[in-house]
Structure formats: structure tokens, C-alpha cells
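Reading through the C-alpha cells given below for one structure.
Just so it is clear, none of the values below were taken in a lab; they were calculated from the coordinates. Please read these numbers as outputs of a predicted model, since none were measured by experiment. Because the Cβ atoms are built from the backbone with ideal geometry, glycine has one as well, and the counts that use them run over all protein chains shown.
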Amino acid sequence: MRRRAVVLGAVAGVLSGLAAGARAARPPDPDPEPFLLLRHVQTGEVLSSRFERRGRLDPDEARRLEWFMRDWREGRSMPVDPDLLQFLARLRHAAVLEGHEGEILLHSGFRTRKTNEMLRRAGKGAAANSLHLRAKAADISMPGLRPSRLARAARRTGLGGVGLYSGFVHVDTGHPRHWTG
Ligand SMILES: [Zn+2]
């Protein structure tokens, strides 16, 4: 009996060792209660949101986030893709694990076609069929974190598109791809 207990103990040790190795190689697990702390660069508004309740998008929080990420030039909004909220929360969580405060600065969220065209003509790197038009993209930065590091963290999540620009990082919920603008 004792021998059997020893063998089982050894097997359990190997399994937990493997599990620890697998954890180290993976990007950090998502926050079980995703949280966002956002500051809008253009409007100065601040919003903190725990946008899920028991694993489902909280409709009141979704509305607050929709308005926060509105096209501020036009005063128009569109429901934000929940996967984009998860993407942002994952980035925040990864940054917090590395000792960052976790505040995300929003440079641009939803855009109407009119605003997007204006930015495109001004040479601000807006694509004609940008995912900003469908509230599936955000241009963000984090205070004290170089955009190149933020872009690397965003790519590691594998959650969507990542574009590195001077001063901000574009993230979207399109298929995973990356570029430098
Ligand atoms: Zn963008």
C-alpha cells in the first residue's frame, strides 16, 4: 500500500510539473471577472467597468461602454463588439500582472463613415473599410508603456488584428494579423 502511495505521489508530481510548464509558456489566463479602466484622450471622460455578470455581457455596462466609445465628433454610437471588450480586458490583465496600473487610453473607438473618410483624407492611417466603422476596433495606449510593447502583448493574445502606429496601437476583432502603420 505504501509503495503504491509513493508511486501515485510521483505521478502527481510529474503532472503538476507539466502543468506549471504549460502555464509558463502560455499567455496569462483571462481575468475571471474582466475589468476595464478607460480614459478617453479626446473627451477626457473616464470609465471603469466590470462588464460581465456571470459570464454574460451586462446590458447596462454595454450601453455605458457604447457611449464612451462613441464617435465623439458626430455624437453617434454603435454597440461595441463584446470580443473587443474581452480583448481590451485581456491586455489590461496582462499589464496589471506586470505591475502596470492597467489604465487604457482610448484614442479612437467607433467611427462614422464621415469621420473615417475625414481621417483617411487627412492621412491619419484610417482604412476605407475600417473595423472602427463597426465598433470592432480601438486605438489605444497605456501610460508609461511603449506602444511596441503593448503591440507585442496584443499579438500574444491571438485575439485579432494589431497595428503599431506612432503613439498608439490599433486592435480589432478581425482575424489575427499584424502590421506597422
Ligand atoms: Zn484603428
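Assorted remarks:
- Placed amide H near residue 165: partners under 5 Å, 5+ positions off or other chain: 170, 181
- Remark: 172, 83 ranked as 83, 172, counting other beta-carbon atoms within 10 Å and listing the fewest first.
- Potential extension, residue 57-residue 129 segment - 0.36 nm per residue separation minus Cα distance: 23.2 nm
- Its Cα gyration tensor gives the range 27-169 an equivalent ellipsoid; the semi-axes, largest first and in whole Å, are 23, 18, 13.
- At R0 = 35 Å, FRET efficiency that the Cβ-Cβ distance of residue 166 and residue 64 yields, to 0.05: 0.70
- The range 34-180 - percent relative contact order, Cα under 8 Å, separation 6 or more: 20
- A Förster distance of 25 Å, applied to the separation of the beta-carbon atoms of residue 33 and residue 177, puts the FRET efficiency at 0.30.
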